[in-house]
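One structure below.
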């Protein structure tokens with residue numbers, strides 16, 4: 001049995017809430033935190049999060065409390081719906097809102113952001129953001145992805161932003177997002193979570209080992225490795241193991257579970273970036289679960305989660321397949337649920353690989369077309385794809401077709417020189433092998 005010390009609290013709704021929670025824990029036989037975690041599901045809440053929720057004094061999220069109360073009510077042989085509703089009322093009062101007159105209070109006392117304020121109130125905040133964006137590496141408030149064409153346009157992705165990377169099947173969305181994840185977590189120790197709805201944990205780990213260690217993916221999968229490649233993988237595993245990178249694989253991940261995991265990772269590990277691969281299965285699971293009504297509602301919830309926890313969210317999406325033998329570059333009209341994505345996302349990037357349809361057409365190159373960026377122009381640039389290593393690399397700035405305004409694609413950039421953190425390939429390294437998805 002686990003004993004949880006009660007927080008010392010003054011009389012009021014918060015004390016009433018924690019007193020009731022401790023009484024329920026006692027009635028359930030004082031199960032341990034790990035016992036509660038197993039009943040909820042190991043992948044849903046950590047035992048540390050459960051302990052903090054019971055210990056207080058900070059009022060936890062309703063999502064965590066609902067799951068804990070459901071388990072404790074079952075162990076205490078109490079009516080679950082009635083107990084959950086009772087605690088919902090207590091939790092709402094502890095949060096400072098009466099459930100019955102919530103709407104009336106909101107009308108009488110609107111949030112500060114809902115009132116018009118003098119422009120002077122905003123100037124210091126804007127100045128802080130400008131200073132943060134231009135600060136040296138490691139102190140900036142924005143997050144550099146390591147893809148330099150993207151970082152040149154954005155100055156780094158802003159916490160709270162929702163960014164969509166879309167392409168047709170097998171173009172390389174996952175190669176792009178895993179490259180960003182490696183750049184953030186392994187190379188710069190930025191806390192990053194990768195939510196995979198399509199690849200298993202083992203497949204993702206093999207992808208990381210191939211990309212980071214420079215060992216062909218097919219050889220890793222087939223276990224056809226030379227001695228020096230085994231040595232390289234061993235060194236790479238050490239680098240990956242020490243990185244602040246978290247992986248969650250679930251084909252049924254929905255918004256409710258995603259939010260709970262984000263809350264845990266933010267609280268315990270100061271999460272900075274969440275990558276979702278891919279968006280459509282998550283939205284479908286959320287609609288089926290009832291945690292979202294449609295794509296637009298799901299995207300708005302993702303933006304709220306990002307804003308509340310000050311994290312960057314990057315998600316992949318699919319573009320409708322073309323019936324043409326040689327498909328042209330994708331457009332926003334080809335994007336499934338394109339209107340909703342365009343309305344809600346802060347950035348939308350479309351990927352295209354000419355050599356996927358005709359081998360000799362710019363082999364090993366991938367075009368990034370930034371079709372929407374809330375804080376800047378449309379934009380296009382090219383990266384190198386190494387499908388056999390499951391990664392992308394930066395190309396020199398003067399590379400043909402690189403660094404163009406997407407609305408004026410006939411004007412090629414003339415600047416020369418190299419980009420930063422991702423290594424540039426030699427001509428011999430540019431990939432001429434197939435799919436990297």
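FYI, it's all coordinate maths here, none of it is from the lab. Being a predicted model, the structure only gives us computed values, none of them experimental. Note that each Cβ is placed from the backbone with ideal geometry, even for glycine, and that neighbours are counted across all protein chains shown.
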Report task. With a ≥ b ≥ c taken as the square roots of the eigenvalues of the C-alpha gyration tensor of region 140-429, please select rounded if a/c is under 1.5 and otherwise prolate if a/b is larger than b/c or oblate if it is not? Result -> rounded
Report summary line: Compactness check, region 139-278: C-alpha Rg relative to the 2.2 N^0.38 Å globular estimate gives 1.08
Requested in this report: Show me 19-27, 143-151 ranked by packing, highest mean number of other Cβ atoms within 10 Å first.
Outcome: 143-151, 19-27
Query - Alpha-carbon centroids, region 290-357 and region 239-279: separation in whole Å - result: 20
Query raised in the report: How far apart, in nm, are two points set 7 Å out from the Cα along the Cα-to-Cβ line at residue 205 and at residue 225?
Result: 1.1
Query raised in the report: Using 1/(1 + (r/R0)^6) with R0 = 51 angstrom and r between the beta carbons of residue 170 and residue 30, what's the FRET efficiency to the nearest 0.05?
Result: 0.45
Query raised in the report: How long is the gain from residue 79 to residue 44 if the chain were fully straight, where each residue apart is worth 0.36 nm and the alpha carbon distance is subtracted?
Result: 10.3 nm
Report task. Express the relative contact order of region 140-429 as a whole percentage, based on alpha carbon pairs under 8 Å and six or more residues apart in sequence. Result -> 24
Query raised in the report: Taking the highest mean first, how do the peptides 31-37, 165-171 order by number of other beta carbon atoms within 10 angstrom per residue?
Result: 165-171, 31-37
